[in-house]
1. Which residues, counting only those in region 49-81, are assigned to a loop (DSSP other than H, G, I, E, B) and either closer than 17 Å to residue 16 by Cβ or without any contact (Cβ under 8 Å) to a residue 24 or more places away in the chain (or both)?
2. Considering only residues that are surrounded by 12 or more Cβ atoms within 10 Å (Cβ to Cβ) and within 16 Å of residue 86 (Cβ to Cβ), which ones fall in region 10-26?
3. Do we find a residue being touching a residue at least 12 places away in the same chain (Cβ under 8 Å), surrounded by 15 or more Cβ atoms within 10 Å (Cβ to Cβ) and in a helix (DSSP H, G or I) anywhere in region 27-48?
4. Counting only residues that are surrounded by 10 or more Cβ atoms within 10 Å (Cβ to Cβ) and over 14 Å from residue 31 (Cα atoms), how many does region 60-92 have?
5. Being out of contact with any strand residue (DSSP E or B) (no Cβ under 6 Å at 6 or more places or on another chain) and under 28 Å from residue 94 (Cβ atoms): is that true of residue 78 here?
């Protein structure tokens, strides 16, 4: 991942991981990179996290719809599993709810 993608800034953080804004150096485009946190080094947890993220990415990649992000790449390295996807600009769900509760 380190040779192809450049991490630019954190977009969001959750209980299981984070999403960063990145840049794909190979094809010169902005991307979103979702990475599951595998801190602690438990090999079984890391294996399960990688499996789950790959399954999620596969499901997303099999769908084509204007309201579903496009998955570009799936991988894993020493920092854990990751999914590289389309970066969409706009407000977060939290920002929208703050402005006009559902």
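1. Applying the first criterion (assigned to a loop (DSSP other than H, G, I, E, B)) to region 49-81 yields 62-70, 78-79.
62, 63, 64, 65, 66, 67, 68, 70, 78, 79, listed by residue number.
2. First, pick out the residues of region 10-26 that are surrounded by 12 or more Cβ atoms within 10 Å (Cβ to Cβ): 11-12, 16-24.
11, 12, 19, 20, 21, 22, 23, 24, listed by residue number.
3. Yes: region 27-48 contains one or more residues that are touching a residue at least 12 places away in the same chain (Cβ under 8 Å), surrounded by 15 or more Cβ atoms within 10 Å (Cβ to Cβ) and in a helix (DSSP H, G or I).
4. Total satisfying the criteria: 12.
5. Values: out of contact with any strand residue (DSSP E or B) (no Cβ under 6 Å at 6 or more places or on another chain): yes; under 28 Å from residue 94 (Cβ atoms): no.
The answer is no for residue 78.
Bear in mind these aren't lab numbers, they're just calculated from the coordinates by the rules spelled out. Source: prediction; values computed, not measured. Note: ideal-geometry Cβ built from the backbone for every residue, glycine included; neighbour counts use all protein chains shown.
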